[in-house]
Every structure is written in C-alpha cells, then in structure tokens.
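Take a look at the structure set out below.
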Amino acid sequence: MDYGSGNIRSIYNGFKHIGVKVNVSADKNDLKNSDAIILPGVGAFGAVMDNLSKYEDIIYSHIDEGKPLLGICLGLHMLFSNSEESPEAQGLNIFKGTVKRFDLPKGYKIPHMGWNRIRVNDTANNNTSLLSDADNEYMYFVHSYYIDPEDKDIITAYTDYGGKIPVAIGKDNVFALQFHPEKSGPSGLNILQKFVNQIE
C-alpha cells in the first residue's frame with residue numbers, strides 16, 4: 001500500500017525513535033497477523049480508497065477482534081463515509097460522517113499547514129487515552145479537509161483554524177489524528193507510545 005512513501009517513512013521513523021519496530025507491508029497475511037494497524041495517508045481520498053478496497057475485510061476483522069488501529073491524516077479521513085475531495089468514492093464507513101473541504105474566513109490559507117494547539121475533548125463515549133497528556137500542546141498539521149462526524153462524542157480533540165475544527169477521534173480500539181504525531185516533537189512521540197501501549 002503506497003499512500004505516500006514520505007509519509008510512511010516519517011511514521012516508521014517516529015516509531016523507531018521510541019524504540020518500536022514496525023512492519024511496512026501490503027501482504028494480507030501480515031495484516032491479518034498484526035497486533036495493530038496504522039493507516040497513514042498522502043494523496044487523494046478516491047485513489048487511496050480504491051487501493052485500500054482489497055484490505056477492507058481485514059481492517060473490519062481487526063477492529064472487531066479488539067486490536068488497536070491508528071489513522072493519521074488521510075488515514076483519519078478513510079474511516080468515514082465519504083469525502084468532498086472524491087464524491088464518487090466510499091470510505092470505510094467505520095464512523096458515519098463526511099470529510100469536508102475548508103471554507104475559511106479571509107486571511108486563512110488552504111492547506112492548513114503548520115503548528116496549532118489542540119484541546120482535548122473528554123466525553124463518556126470516546127477514548128482519549130492517547131491524548132491524556134496532550135491538552136494544549138502544539139501539533140503539526142498539513143491538510144485541506146476536515147472531518148464532520150455524525151456522532152460528535154467520538155471527537156477527542158479540536159483545534160482552532162478559522163473556527164473550531166475536530167482533529168482527533170477515539171472510540172474503543174480505533175484512534176485517528178488529523179495532525180502528524182511523528183512530526184510533532186516529544187508530545188507527538190508520546191502519543192505514538194501511548195498507541196503502542198494499547199497492544200496487549
């Protein structure tokens with residue numbers, strides 16, 4: 001699965017930095033036997049979903065078995081029903097909702113690129129365990145689209161960029177982030193470590 005080799009390399013190096021070896025693989029058996037799955041992503045929603053279609057059953061089974069899954073950037077978008085970037089494409093539909101293009105006030109640039117503080121949103125129906133030390137920390141973003149979940153309770157963090165936007169979700173064993181933790185310094189690497197800690 002090549003969703004942007006630079007993105008995969010930076011995530012790989014992020015885990016390597018905290019002493020965790022990850023396996024980059026497109027082999028179905030590797031995915032079936034994995035302790036955790038990470039969905040990275042760079043590119044267009046439709047093209048990525050087309051490439052991902054042959055792995056969908058494995059991803060659904062992985063989640064049903066209670067194993068942790070982490071989506072990063074476009075990997076977050078894939079978890080939803082559809083995206084304005086590629087209206088003809090269907091997402092994994094693990095969470096109901098749409099991925100929308102920014103419609104920002106004058107003076108805000110698209111893509112949203114750079115450092116923004118996140119605010120953790122802890123509700124009874126979400127899982128903020130990856131973000132327990134991340135409230136008010138700066139994280140690194142590069143994106144032109146944002147998620148709009150039907151169930152707002154799954155949102156675990158927001159940032160402010162021309163308005164309040166959701167930038168992370170967590171529900172049971174499924175986590176996803178709009179920002180790049182592997183590029184977000186010690187606070188981001190701490191999130192990766194907390195994801196590793198989810199593995200039993």
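Arrange the residues Thr156, Thr98 by how much accessible surface each exposes, largest first, with a 1.4 angstrom probe.
Result of the area sort, largest leading: Thr98, Thr156.
In a simple Cβ point-charge model (Lys, Arg +1; Asp, Glu -1; nothing else charged), region 56-101 has a dipole of about 240 debye relative to its Cα centre. Of the options (i) 21.5, 93; (ii) 17.2, 56; (iii) 15.5, 49, only one is Rg and Dmax of the Cα atoms in Å as computed from these coordinates, and that is (iii).
Of the cross-linked pairs Lys28/Lys54; Lys96/Lys171; Lys28/Lys183; Lys21/Lys67; Lys28/Lys67, those separated by over 19 Å at the C-alpha level are Lys28/Lys183. Overall, the anisotropy analysis places region 97-138 in the oblate class: the square-rooted eigenvalues a ≥ b ≥ c of its C-alpha gyration tensor yield a/c not less than 1.5, with a/b not exceeding b/c. Using the 1.4 Å probe convention, the accessible area of the chain works out to 48 Å² per residue with neighbouring protein chains retained.
How much accessible surface does Glu88 have with a 1.4 Å probe, in Å² rounded to 10? Glu88 has an accessible surface of roughly 140 Å² with all protein chains in place. If you sort Lys171, Lys21 by accessible surface, 1.4 Å probe, largest first, the order is Lys21, Lys171.
In the context of the full protein assembly, Lys67 retains an accessible surface of approximately 50 Å², using a probe radius of 1.4 Å and ignoring ligands and nucleic acids.
The values are calculated or read from the model by the stated rules, or taken from the named source; none is laboratory data. These numbers were taken from a predicted model, which means no experiment stands behind them. Here the Cβ is made from the backbone with ideal geometry for all residues, glycine too, and neighbour counts use every protein chain on show. Ligands, DNA and RNA are stripped out before the accessible areas are found, and what is left, the full protein with its side chains, is counted by its heavy atoms. Shrake-Rupley method; radii C 1.70, N 1.55, O 1.52, S 1.80 Å.
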